[in-house]
Structure formats: C-alpha cells, structure tokens
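Chemist: The structure is given below, and queries will be raised subsequently.
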Amino acid sequence: MTSDVGTNWAGNLSYRASRLAEPQSLDALADLVRGAPRLRMLGSRHSFNDLADTDGVLVSLAALAGAQPSVAADRRTVRVPAGIRYGDLVPFLQAEGLALANLASLPHISVAGAVQTGTHGSGDAIGTLATQVAALELITGTGERLRLARGDADFAGAVVALGALGAVTHVELDVEPAYEVRQRVFEGARWDAVLPAYDEVTAAGDSVSLFTTWADPDVVGQVWVKSRTTRDEPDLAFVGAAPADGPRHPIPGVDPQPCTPQQGQPGAWFDRLPHFRLAFTPSVGAELQSEYLVARTDAAAAIEALRPLAGRIAPLLHVCEVRTMAADDLWLSPASGRPTVGIHFTWRPDEPAVRQLLPEIEAALPASARPHWGKISTLPADAVRARFPQWSRFAQLRERLDPQHRFGNAYLARLGL
C-alpha cells in the first residue's frame, strides 16, 4: 500500500513511495537503511523523471540534526549538508567572503541532487557542479558510513552516482574568494554566423548560453554572457549580435523580473551566475525538460541536425539553451572524458507529445549525445550504457556498496543496474 507523498516540481510525476521518512540523526538514517528493503533519497524534487521514485521509502534529510555548513581551516573547502539548496548556501558563503566557481541556471536545486545527476552551469573552462566536490560522505546500502575524497580509488565513481550507492549525507565543495560578475544579453545572432565561430562566441565570457526557440531554424535568438569583472566587456558584433536594450527573460515575451540583473551591471557572483533568482519561480514554471550532452567536437553537427526538425520542435518548446562545460574524469558525468556542449530543451507541459518527438531528436543527434540523468529521455538503455566508457566499473562499484540493491528502483533497473 502506498501513501500520497506528493509530486515532483513539474507535477508530471506522482511519487509511489509507501511513506516519506525524515531521520533526525545519522544513526537513525543508518538504521533506516539497514531496515528498509527499498529506499531512495529525495532532494528538491527537480528531477523530471522517476530517478528519485521508489515503491519503498522516500527519505528526506531536511530534519537531520546539526546540518550546518562549515568552512575548512585552510578556507579552500566548505562542508555542507547534502540536502541544502544552492540558494540557501549562498548567504553562508557570502558572510564568509567565499564563492563557488559556478552555479546552475537556477539556485533552487539541492547540492547532492545536482552533483549526483551531473547537473551543470556553463563555461569553457568550468566543469559540471560535480567537479566542485572535494569529498562526499554517504551511508552505503549496508548501513556503513563512508567518506570518499578526491584521489581515492572510488571517488570518481561516487560523485555522479544517481543515488545508487547509498545516502549522501554531506558534501565538501571547493571554494574561492568571493568575486563579482557582469551579465549582458545579446540579440540578433544567426546560426550561420555563430557555428563557424562557436569557440570565439563561447570564449566571450566565463559563462555563455545561447537561447533559441527554433521558431526560425536560422536564428539563435539570445546570447547571455556572464563574465568576471576582471575581464573586458564582451563584444559579439563579429557574429551580428548587439546588446539588448533592456532586461530579457530567456523565453521571449515573458516578464524578466525573475531573472538575475543584466545590462553589464556588476554584482555578486551568486546574483549573476544563475539565470533566475531564488525568490521567484524559476524558468516558466509549467514545463518539462530534456537535455542531451554532446562532445564539443560534435556541437556544430548537433545543431545542424536539429535545424531540419525545427518545425516539429518549436510548437512544443518554450526555449532551447546551448551551454559548454570542461572535461572531467567522473565516470557518469555528462562531461566525462571530453569537453562537452549541452543542448537543453524546456518543453511545454505535454509529456505524451514530447515523448513522441524525443526519439526523432535522439536519432538525429550525434552518437556522443548523453542524456541528462534527471530529465526526460527515451534513449534505449543499451545506447546510454555505451556512451559511458566507465559504465561497467560503476556497476561493479554499485554491487560492492549496495549489494542488496536497497537504493535500486525502476529507473536504475531500466538502465540494467
């Protein structure tokens, strides 16, 4: 028998769990793990698929005692509770004069949920949010406490792990002195100008995002450039783009008030790197999301493959965002082993129509395309596994840390785990 434990953020998934547990100590969590045949960790509910779902117990760490951030003595890392949202971590870091190297487009997501799914921001020289992890602590499927730090044998397999290895309780993140960022939006670029100069466009700032609605397959739409104030102001005239004459929302016609300040006005890192402010509903609210992450060398081919599908995509789409990230060595990271470009779709809330279209998109994209773990995809499991060279190593790690598959669910079973 199941009880109503609510839905995910998008409202397209109702959780099937028998109950929601909120342990107040690590001992209570370990006892819960040892006693529950099936359980999954629940973060900020921003997954658009059943990654966090279970027919057992959903576990929230919101009530965990003593869950406060703490800065290391050398001030190079901060230890945070796994369930804390980035937006709620910011005031603590601000008071300490510290910062993260990057943030995702919205600050509403939890730290553990973001890193376990390979979520990212943007930047040629900046990795996914998982690359900020210096160490993580978890309670494995056997109920044992384990800390893994960068350089440990299993670390690269445990950071982006889909919640399959155990309950992540704390994460240590790399930090640096606080800095300021400018954000400017450009309009008027076209793909025929941008694609041959893509490297120059994404080098125009520390974090660069291209937004298109695919209403016109030749038009990019908007280019958002975020730069530390130590850099020169960006100029995209070489691709025919000019600065916007006022604030913009990524989705044309939507009120830009929820967005972080633009027009080159300097501000704190946390108030520019995300696209949206914590106090507002992120993005458009009523939406679904998919994302495919291709090798950077395939970026132009991926965009060219989508242009003929523009007429199919546009009626279902709010907006599509194209971003970059540096290569890393984390086994299940979307950027594992290669510089990567993410092509993100924010869909209108029509899941049957989206799922009908996705196989066409997936067939058109280059074979390097990896689906975002927390978003909607229809890519077959064998194709997904083939795109992660360290998949078998991860499967072996999972068998060691959760031999009874207590943290298993239907999502992982579909992947063959």
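Every number here is computed from the coordinates shown, using simple stated rules; none is lab data. All of these numbers come straight from a predicted model, not from anything done at the bench. When we count neighbours, we look across all protein chains shown, and the Cβ atoms used for this are built from the backbone with ideal geometry, even at glycine.
Chemist: Which Cα, out of ALA369, ALA279, ALA335, lies furthest along the positive dipole direction of region 180-383 (beta carbon charges, K/R +1, D/E -1)?
Modeler: ALA279
Chemist: Can you give me the long-range amide H partners of ARG16? Hydrogens built in the peptide plane at 1.01 Å from N, cutoff under 5 Å, separation of 5 or more residues or another chain.
Modeler: When sequence neighbours closer than 5 places are left aside, the close amide H contacts are THR54.
Chemist: Under a crude label model (7 Å from the Cα following the beta-carbon direction), how far is THR142 from ARG400 in nanometres?
Modeler: A separation of 1.1 nm, rounded to one decimal place.
Chemist: Would you grab the residues whose amide H sits under 5 Å from the one on LEU332? Only those 5+ places off in sequence or on another chain, please, with H modelled 1.01 Å from N.
Modeler: Amide H to amide H, under 5 Å and 5 or more residues apart or across chains, LEU332 pairs with VAL160.
Chemist: Place +1 on the Cβ of every Lys and Arg and -1 on the Cβ of every Asp and Glu in region 329-417, take the dipole about the Cα centre, and give the residue among GLN396, LEU379, LEU415 whose Cα lies farthest towards its positive end.
Modeler: In region 329-417, that residue is GLN396.
Chemist: Follow-up. Subtracting the Cα-Cα distance from 0.36 nm times the residue separation, let me have the gained length for GLU351 to SER60 in nm, one decimal. Before the final figure, lay out the partial values.
Modeler: Details: separation 291, 0.36 × 291 = 104.76 nm, distance 2.70 nm.
Contour length minus Cα-Cα distance gives 102.1 nm.
Chemist: A further question follows. Distance from the Cα centre of region 78-97 to that of region 148-174, in angstrom?
Modeler: 18
Chemist: From a point 7 Å beyond the Cα of ASP245 in the direction of its Cβ, which residues of region 168-208 have a backbone N at a distance under 18 Å?
Modeler: 185-189
Chemist: Convert each backbone phi in region 198-206 into a coupling constant with the Karplus relation 6.51 cos²θ - 1.76 cosθ + 1.60 (shift: θ = phi - 60°), then list the ³J(HN,Hα) values in order as whole Hz, x for Gly and Pro.
Modeler: 4, 4, 5, 5, 6, 8, 6, x, 6
Chemist: Quote to one decimal, in nm, the extra length available between ASP31 and ALA125 on full extension: 0.36 nm per residue of separation minus the C-alpha distance between them. Present the calculation step by step, with values, prior to reporting the outcome.
Modeler: Values: separation 94, 0.36 × 94 = 33.84 nm, distance 4.21 nm.
Result for the pair: 29.6 nm of gain on full extension.
Chemist: List the residues whose amide H sits under 5 Å from the amide H of ALA134, counting only those 5 or more places along or on another chain, with H placed 1.01 Å from N in the peptide plane.
Modeler: So ALA134 has HN proximity to GLU172, LEU173, ASP174.
Chemist: Test of understanding: ordering VAL341, VAL254 by Cβ neighbours within 10 Å, fewest first, what list do you get? Before the final figure, lay out the partial values.
Modeler: On the way: VAL341 28, VAL254 16.
By the 10 Å Cβ count, ascending: VAL254, VAL341.
Chemist: Using the Cα centre of the chain as the reference point, and only Cβ charges (+1 on K/R, -1 on D/E), how large is the resulting charge dipole? Debye, rounded to the nearest 20. Don't skip to the end; give the middle numbers.
Modeler: Values: 38 positive and 46 negative charges, 160 e Å.
Dipole of the chain, to the nearest 20 debye: 760 debye.
Chemist: With each pseudo-label sitting 7 Å past Cα toward Cβ, what's the ALA327-ALA314 distance in nm, one decimal?
Modeler: For ALA327 paired with ALA314, the spin-label model returns 3.8 nm.
Chemist: Right, next: If I take R0 = 56 Å and measure r between the Cβ atoms of ASN12 and ALA73 in this structure, what FRET efficiency does the formula 1/(1 + (r/R0)^6) give, to the nearest 0.05?
Modeler: Numbers: r = 45 Å, r/R0 = 0.80.
With a Förster radius of 56 Å, E is 0.80.
Chemist: Springs between alpha-carbon atoms under 10 Å, Gaussian network over the chain: tell me which of ALA164, ALA327, ALA215 tops the mean-square fluctuations.
Modeler: Top of the fluctuation ranking is ALA215.
Chemist: Please report, in debye to the nearest 20, how large the charge dipole of region 283-417 is about its Cα centre when each Lys and Arg carries +1 at its beta carbon and each Asp and Glu carries -1 there. All intermediate terms of the calculation are to be shown ahead of the outcome.
Modeler: Working: 16 positive and 14 negative charges, 54 e Å.
Using Cβ point charges on Lys, Arg, Asp and Glu, region 283-417 gives about 260 debye.
Chemist: Continuing with the same structure: The list (1) 25.5, 84; (2) 20.6, 62; (3) 23.7, 89 gives values of Rg and Dmax of the Cα atoms in Å, and only one came from this structure; which label was calculated from it?
Modeler: (2)
Chemist: So what's the net charge close to THR131: Lys and Arg +1, Asp and Glu -1, counting the other residues with Cβ under 11 Å from its Cβ? The partial results should precede the final answer.
Modeler: Values: positive: ARG150; negative: ASP174, ASP328, ASP329.
The answer is -2.
Chemist: So if each residue of separation counts as 0.36 nm, and I subtract the Cα-Cα distance between LEU20 and THR297, what length gain in nm does that give? Each step should come with its number before you reach the end.
Modeler: Numbers: separation 277, 0.36 × 277 = 99.72 nm, distance 4.40 nm.
Once the chain is fully extended between LEU20 and THR297, it gains 95.3 nm.
Chemist: Can you list the HN-Hα couplings for region 155-165, worked out from phi with the Karplus curve (6.51, -1.76, 1.60; θ = phi - 60°), rounded to whole Hz and with x for Gly and Pro?
Modeler: Couplings: 4, 5, x, 9, 6, 9, 9, 6, x, 8, 9 Hz.
Chemist: In debye, nearest 20, what is the charge dipole magnitude of region 180-383 about its Cα centre with +1 on Lys and Arg Cβ and -1 on Asp and Glu Cβ, if you could check? Let's see the in-between values first.
Modeler: Values: 18 positive and 26 negative charges, 61 e Å.
Its charge dipole is roughly 300 debye.
Chemist: In the neighborhood of THR169, defined by Cβ-to-Cβ distances under 13 Å, what is the net charge if each Lys or Arg adds +1 and each Asp or Glu adds -1? Kindly include the intermediate steps, with their values, before the conclusion.
Modeler: On the way: positive: ARG79, ARG145, ARG147; negative: ASP27, GLU137, GLU144, GLU172.
Local net charge: -1.
Chemist: Let me ask another. Report ³J(HN,Hα) in whole Hz for each residue of region 74-79, in order, from the Karplus equation J = 6.51 cos²θ - 1.76 cosθ + 1.60 where θ = phi - 60°; Gly and Pro get x.
Modeler: Calculated HN-Hα couplings, in order: 7, 6, 9, 9, 10, 8 Hz.
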